[in-house]
1. Given Cα positions, please report Rg to Rh for segment A:290-406, the hydrodynamic radius being the Kirkwood one.
2. Among A:PRO169, A:ASN182, A:THR201, whose Cα lies farthest out toward the positive end of the dipole of segment A:95-217, if unit charges sit on the beta carbon of Lys, Arg (+1) and Asp, Glu (-1)?
3. Identify the trypsin sites (Lys or Arg not before Pro) of segment B:50-95 meeting these criteria: DSSP loop state and at most 11 other C-beta atoms within 10 Å of the C-beta.
4. Only four residue types carry charge here, +1 at the Cβ of Lys and Arg and -1 at the Cβ of Asp and Glu. Report the dipole size of segment B:5-271 about the Cα centre in Debye, rounded to the nearest 20.
5. Evaluate the distance, in nm, between pseudo-label points positioned 7 Å from the Cα of A:GLU16 and of B:LYS8 along their respective Cα→Cβ axes.
6. Within 10 Å of each residue's Cβ, count the other Cβ atoms and sort A:HIS271, B:HIS161, A:HIS365 from fewest upward.
7. Considering only DSSP beta bridges with both partners in segment B:5-271, what is the antiparallel share in %, to the nearest 5?
8. Assigning unit charges at the beta carbon (Lys, Arg +1; Asp, Glu -1) and nothing else, what dipole magnitude in debye, to the nearest 20, does the protein assembly as shown show about its Cα centre?
Amino acid sequence: MNMSKPNSLRNGPDEEGRFGIFGGRFVAETLMPLIGELSDAYAAAKIDPAYIKELDDLNTHYTGRPSPLYFAERMSEHLKGAKIFFKREELNHTGSHKLNNGLGQILLAKRMGKTRIIAETGAGQHGVATATVCARFGLPCVVYMGATDVERQAPNVFRMKLLGAEIVPVTAGAGTLKDAMNEALRDWVANVDDTYYLIGTAAGPHPYPAMVRDFQSIIGAELREQFAQKEGGTPDALVACIGGGSNAIGLFHEFLDDPDVKMYGAEAGGHGIDVENGHAASMTGGRPGVLHGNRTYLLQDDDGQILEGHSISAGLDYPGVGPEHSFLKDSGRVTYVPITDNEALEAFQLCAKLEGILPALESAHGLAEVIKLAPTMDKDQTIVLCLSGRGDKDVDTVGKHLGVKF
Amino acid sequence: MTSERIAKRFAACAEQRRPALVTFITAGDPDLATGQAILDGLPAAGADLIELGMPFSDPMADGVAIQLGGQRALADGHTLKTTLGMVKNFRKNDADTPIVLMGYYNPLYSYGAEKFLSDAKEAGVDGLIIVDLPFEEDEELCIPALKAGLNFIRLTTPTTHDARLKLVLQNTSGFVYYVSMTGVTGAAISNYKAVGEAVTRIKAQTDLPVAVGFGIKTAEDAALIGRDADGVVVGTALVNAVATSLVEGKASATTIGAVHDLVASLAEGVRRARA
Ligand SMILES: Cc1ncc(COP(=O)(O)O)c(C=O)c1O
């Protein structure tokens, strides 16, 4: 939505939906006309004052934006380095950044006259956000969720049902996020007339990566203002976890052309990056390929078959990543690092004890990177973590890993 | 030089005043030896053209039957290289039956597009159908394939409106594949009349043969669709024939015969389509 400058990193995607070599529209012919329609509808909506106002109002009064910028004082003291701030997306209604995108897209679906909403979900946070906006606007909602994830995110499954959504467990493959996305795409192909596919991250065919980024960019835009007021200037470093990459691109995009702001994306390092199929760090441990409508870094075997990946966090174990991140990796603008399950678990516990905040296991990956980074920085420097979600949904999982019997 | 086997075969069927029977099987399903025997016997059973599915971990446009077929092959260690090997073996005894490889882009991209095209040509492949490469991405593989002498067969669907159809047809060669419905492979056709009308609409814009696929399962379906279409494609029903013949997940004595018997019955169906 920004004005393009010639050497800006914020100009992507081009007309074909490319960020450099990444992105594009690799989908079956049946869906191509729909994706074209969506592109047109979004292009019209994002400059329509009525649409912008309705979304602003909902962000303020329904989600509770702006989300606070919080100085994590005890965490900063403990790490003896940079001052650490949390951009508190976990305080949003429904408990994560996912609602920013859900609201933007549901208003678009309504404008397009769609009467049925489908979505995929991993951790269930996007499923909950989608079920929520569907309840709010009175639209039927079908959420595809890998059978494995249905099990490990039981509280969110029940939440979605309370909100009136139908949950379809997907048993194909390992029953995680990528399988849920395949199934959602199959549903869309079969229900082209009335159905809107509400993708939950900045991935998929063009225009989704750019559109979801735009809806999440409110995170970075608010931060610029809040930070200038609180501390003056811009942060020295930004950190976010990377599943498909929507909270991260939402944080980063605003600052891509600010060369003094360093950026770090925390990928799911699982059992360790050297363990084959034991992690979900697609940029650190994968190579470019084509899946789910776009070219991007993917976890794949020698034959180009997609691997399932692994992460303790259901929201991060996706074998791909949004195409804009692949572009930002290759351009060197953002540093992407793997964080293991154990590092995330430790960060989760530390945050609980020092700040009285349970972060989502996804966000705990970002926090683990902050824990590594802060001590290497000066006391007058600053780091902002996108605290993308709250950890209530993960208490069971964390307990199990720590050997607690409920 | 682009392969002429496809054009010749459609012409031969047209001369017999009947649609061509296009049979889809998944390469290496349920195992390499059985898959090869199924493939080798298809022409004798009555197949006019062969679509050989390249197994992929994430077949987004396929229903459960073909998903499972691909999973069986992959579990048996099948790769894109073994698919090309199957074609090479087939060509030792059959120089005339066209073979079209069908699948998704990533395994080809991973193999290296140029290397894949030259290896496929050398193995005796006549054309490609790549589900997730719409004409918007023609530079990726379609244009290089045409240059390498392979046909690039495009899918058109009920959502392909007239303005798009022109562009879809632009770089299409071999034949046009009309997807009978909005849905994944294995679903049922609900409106036969609409399919016939769509075929007529496409034929008005191209001289290429038009084959119809998705949802054709029986000799009766083949006869009905084959009234208007130049070819009928059957896939899910054949992959299901493999599936139901398995004993404890492995090929049984009836596996190969089950597929060939169904092909024979479909071949009979296309022969009475316009009788
Ligand atoms: C709290 C939270 N953070 C992060 C993610 C990862 O998604 P993304 O990378 O798109 O922000 C999820 C996904 O479910 C999530 O629930």
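1. On the way: Rg = 16.3 Å, Rh = 16.0 Å.
Rounded to two decimals, Rg/Rh equals 1.02.
2. Of A:PRO169, A:ASN182, A:THR201, it is A:THR201.
3. Values: sites: B:ARG72, B:LYS81, B:LYS88, B:ARG91, B:LYS92; in loops: B:LYS92.
Sites meeting the loop and neighbour criteria: B:LYS92.
4. Working: 23 positive and 31 negative charges, 101 e Å.
With Lys and Arg at +1 and Asp and Glu at -1, about 480 debye.
5. Each label point lies 7 Å from its Cα, and together they span 3.6 nm.
6. Numbers: A:HIS271 16, B:HIS161 9, A:HIS365 35.
Result, fewest neighbours first: B:HIS161, A:HIS271, A:HIS365.
7. Details: 1 of 29 bridges.
Expressed as a percentage, antiparallel bridges in segment B:5-271 total about 5.
8. Numbers: 63 positive and 85 negative charges, 182 e Å.
Once rounded to the nearest 20, the dipole reads 880 debye.
A short reminder: the numbers here are calculations on the coordinates, not readings from a lab. If you're wondering where the values come from, they're calculated on a predicted model, not measured in any experiment. Cβ: placed from backbone, ideal geometry, glycine included. Neighbour counts: every protein chain shown.
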